[in-house]
Amino acid sequence: MSLKRKAAEAAATATKKTKPNTSITSFFGAPVSKPKPAIADFSKETWVSSLTDEQKTLLKLEIDTLHDSWLPYLKDVFLSPQFLELKRFLDKEIKGGKTVYPPFKDVYSWSRHTPLNTVKAVILGQDPYHGPNQAHGLCFSVLPPTPAPPSLRNIYIALKNDYPDFEKPPKNGGLLTPWSDRGVLMINTCLTVRRGEANSHAGKGWETLTQKVIDTVARERKQGVVFLAWGKPAEGRVKGVDAKRHCILKAQHPSPLSAHRPPGFANCGHFKKTNEWLVEKYGEGAEIDWNLNVDPEKAGH
């Protein structure tokens, strides 16, 4: 029996007692409400043409690699003095010979794997991995052949507790793109880091942007999604989220430094709880298949 099927059956009792509030079609299809006029009328081409030459240069990464579904909601942050200064800082880092992770082409990979209208759940991370061949724009995820880091291995343990037939990636890998492709937005608070220096890009402006991403999901995914907040910093990020509309799950961080403190991250049950909430609210078929035994070449990154 598949993991996805088990998730549906686990929530069967709840779905019988409570009829889903909306159809799965409305959840995955068009936006559940009419966008604000400013968003509905947004034209990327017109917006880009309105930028100064310096802004076009500084925001080339955003223009070229951010998924279009996110741009109308984030464009004002991009034009803020703080964010433009962040982009100048990153330019100086590269010109000064610093190695920055993830590779710039992957900084916004979270947006391309999980467009706004596909978000079902959000996993919040903190700082990107700062070693080579690790970070690629999705929190907790690492590129093959890099083995799963300690925090991710603890996530696997929690998953195995929820679903005994959970399958990890081949060769003890840590590529989580299958989750993001299934509607799990996986975003760090800070989107870049200097090689070998944890938190080296913290406080430079990424935090304002990523908080806007979280706030946008909370506001625009009106039917409700699941927020998985692990650790105090992540809990702080979801303080403004409407807990009546959305499901907010909190636990300690899966890092070895905190994962084993009682009650223990391994026992948080978040993956099963996520699926039970999605099935109860949207019906069978809304649950997430958490298995990761996928060919990395097919999963993409």
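Bear in mind these aren't lab numbers, they're just calculated from the coordinates by the rules spelled out. Source: prediction; values computed, not measured. Cβ atoms come from the backbone with ideal geometry, glycine included; neighbour counts cover every protein chain shown.
A few notes on this one:
- Model label sites at K250 and N267, defined 7 Å from Cα along the beta-carbon direction, differ in position by 1.9 nm.
- Bridging of K168 to aspartates and glutamates at a Cα separation below 13 Å is possible for D289, D295, once same-chain residues fewer than 8 apart are set aside.
- Förster-model FRET efficiency, 25 Å R0, N199 and T52, C-beta, rounded to 0.05: 0.20
- Order of T114, T57 - criterion: other Cβ atoms within 10 Å of each residue's Cβ, fewest first: T57, T114
- When each of K171/K212; K56/K171; K60/K232; K120/K232; K171/K222; K56/K239 is checked by Cα-Cα distance, pairs over 32 Å: K171/K212; K56/K171; K60/K232; K171/K222; K56/K239
- Total formal charge among the other residues, if their Cβ is under 13 angstrom from that of I187, Lys/Arg +1 and Asp/Glu -1: -1
- Here, P(r) means the percent of Cα pairs in each 5 Å bin from 0 to the largest distance; for segment 3-299 it is 1, 5, 11, 16, 18, 17, 14, 9, 5, 2, 1, 0, 0.
- The shape of segment 203-301 can be summarised by an equivalent ellipsoid whose semi-axes, obtained from the alpha carbon gyration tensor, come to 21, 20, 18 Å from longest to shortest.
- For the chain, share of DSSP beta bridges that run antiparallel, in % to the nearest 5: 25 percent
- On full extension, the segment bounded by I94 and Q211 gains 39.6 nm, given 0.36 nm per residue less the C-alpha separation.
- Taking every C-alpha pair closer than 8 Å and separated by at least 6 residues, the mean separation divided by the residue count of segment 104-246 gives a relative contact order of 32 percent.
- The Cα center of segment 42-60 and the Cα center of segment 126-178 differ in position by 36 Å.
- Each Lys or Arg adds one and each Asp or Glu subtracts one; over the other residues with Cβ under 14 Å from the Cβ of H253, this totals +3.
- Percent RCO, i.e. relative contact order, over segment 3-299, from Cα pairs under 8 Å lying at least 6 residues apart: 27 percent
- In straight-distance terms, cross-link reach from K98 covers every one of the aspartates and glutamates whose alpha-carbon lies under 20 Å from its own, apart from those fewer than eight places away in the same chain; here that gives E85, D106, D127, E197.
- Annotation: Cα Rg of segment 77-218 relative to the compact-globule expectation 2.2 N^0.38 Å equals 1.07.
- Taking other C-beta atoms within 10 angstrom as a stand-in for reagent exposure, D162, D76, D289 fall in the order D76, D289, D162, fewest first.
- Net lengthening on full extension, D41/H260 (0.36 nm per residue, minus Cα-Cα): 73.9 nm
- Straight Cα distances below 15 angstrom link K281 to the aspartates and glutamates E9, with same-chain residues fewer than 8 positions distant left out.
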